[in-house]
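Before any comments, here is the structure.
The values are calculated or read from the model by the stated rules, or taken from the named source; none is laboratory data. Only a predicted model underlies this, so the values are computations on that prediction, with no experimental measurement involved. Counting neighbours? That spans all protein chains shown, and the Cβs are built from the backbone with ideal geometry, glycine included.
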Amino acid sequence: SAVISQKPSRDICQRGTSLTIQCQVDSQVTMMFWYRQQPGQSLTLIATANQGSEATYESGFVIDKFPISRPNLTFSTLTVSNMSPEDSSIYLCSALNFNTEAFFGQGTRLTVV
Amino acid sequence: KNEVEQSPQNLTAQEGEFITINCSYSVGISALHWLQQHPGGGIVSLFMLSSGKKKHGRLIATINIQEKHSSLHITASHPRDSAVYICAVGGIGNQFYFGTGTSLTVIP
């Protein structure tokens, strides 16, 4: 099985700034995903992080606001850009390995003030 | 309509009680996960199921693929079990669909 290390676990940020969240997997995985959980809501897919190419974004999410990188098969970042209080959420990464087993990061609790 | 429905939304139990949380889903899946979300927001994966039943300590998870239903049971509940429990189903397209969670409070 794989272990995902997601950092930071929490942060408080000023509006207008950006935060980059990192997910490091201890073994190669085929797919990585980024989710958001707004207060009182369920987790919603932001995008699929594609290795070596642009991420695939879900409806309502755009690259300018949530740029994603995935330079290799074990690492991905999500940046929340030009933050506003509405971006206060929990952000979660997950991954699928070559056996289609799924793993989840610990989540990042973001508060924008 | 949500792809994943959980019940109940909120649950309060006395310490020692047997607890059941239910999850029904409408999509074809490759696997189902039960996650535990602590008050600080940290998320822990409890189980991954594709069939049958799994047990880990006081936690038991079952899945019925034909009925598209899973249950999470907690035996001899304890206040440290207080958390939000989330059902996540892995769709055929590999992304996950999440339930809204069940908030469990176990009272000493």
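Remarks
- The range B:21-31, subset surrounded by 13 or more Cβ atoms within 10 Å (Cβ to Cβ) and more than 10 Å from chain A (Cβ to nearest Cβ), residue nearest to A:Leu96 (Cα to Cα): B:Ile29
- Top-ranked residue in the range B:87-106 [being among the small types (Gly, Ala, Ser) and assigned to a strand (DSSP E or B); ranked as modelled with the highest pLDDT]: B:Ser103
- Some residue of the range B:89-97 being closer than 18 Å to B:Gln9 by Cα, buried (at least 19 other Cβ atoms within 10 Å of the Cβ) and in contact with a Leu (Cβ under 9 Å, 6 or more places away or on another chain): yes
- Qualifying positions in the range A:55-90 - under 14 Å from A:Trp34 (Cα atoms) and in contact with a Gly (Cβ under 7 Å, 6 or more places away or on another chain): A:Ile90
- For the range B:6-23, the criterion of being modelled with pLDDT under 90, closer than 24 Å to A:Gln41 by Cβ and over 12 Å from the mean Cα position of the chain (by Cα) is met by no residue.
- Residues of the range A:29-60 that turn out to be touching a Lys or Arg at 6+ places or on another chain (Cβ under 8 Å), at the interface with chain B (Cβ under 8 Å from one of its Cβ atoms) and closer than 22 Å to A:Leu73 by Cα, as a count: 0
- Residue, farthest from the other protein chains (Cβ to nearest Cβ), within the range A:87-99, restricted to residues that are surrounded by fewer than 24 Cβ atoms within 10 Å (Cβ to Cβ) and either at pLDDT 90 or above or assigned to a strand (DSSP E or B) (or both): A:Asp87
- Checked across the range A:100-111, the condition of being facing chain B (nearest Cβ under 10 Å), surrounded by fewer than 21 Cβ atoms within 10 Å (Cβ to Cβ), of a type in the set (D, E, K, R) and in contact (Cβ under 8 Å) with a residue 40 or more places away in the chain holds for at least one residue.
- Any hit, the range A:56-66, residues being closer than 22 Å to A:Thr17 by Cβ and crowded, with 22+ Cβ neighbours inside 10 Å: no
- The set of residues in the range B:41-52 being outside any strand (DSSP E or B) and more than 7 Å from every other protein chain (Cβ to nearest Cβ) consists of B:Ser50, B:Ser51.
- Residue under evaluation A:Met83, criteria (1) within 14 Å of another protein chain (Cβ to nearest Cβ); (2) crowded, with 16+ Cβ neighbours inside 10 Å; (3) assigned to a loop (DSSP other than H, G, I, E, B), criterion not met: (1)
- Tabulated pairs, the range A:28-47, first farther than 12 Å from A:Phe104 by Cβ and polar (S, T, N, Q), second in a strand (DSSP E or B) and modelled with pLDDT under 90, C-beta under 7 angstrom, 6+ apart or interchain: A:Thr30/A:Leu96; A:Ser42/B:Phe98
- In the range A:1-28, the residue that is nearest to the other protein chains (Cβ to nearest Cβ) out of those that are β-branched (Val, Ile, Thr) and farther than 26 Å from A:Asn97 by Cα is A:Ile12.
- Residue match in the range A:16-39 (condition: among the small types (Gly, Ala, Ser), out of contact with any helix residue (DSSP H, G or I) (no Cβ under 8 Å at 6 or more places or on another chain) and within 21 Å of B:Gly101 (Cβ to Cβ)): no
- Odd one out for B:Gly42, checked against (1) touching a residue at least 12 places away in the same chain (Cβ under 8 Å); (2) buried (at least 17 other Cβ atoms within 10 Å of the Cβ); (3) at negative phi: (1)
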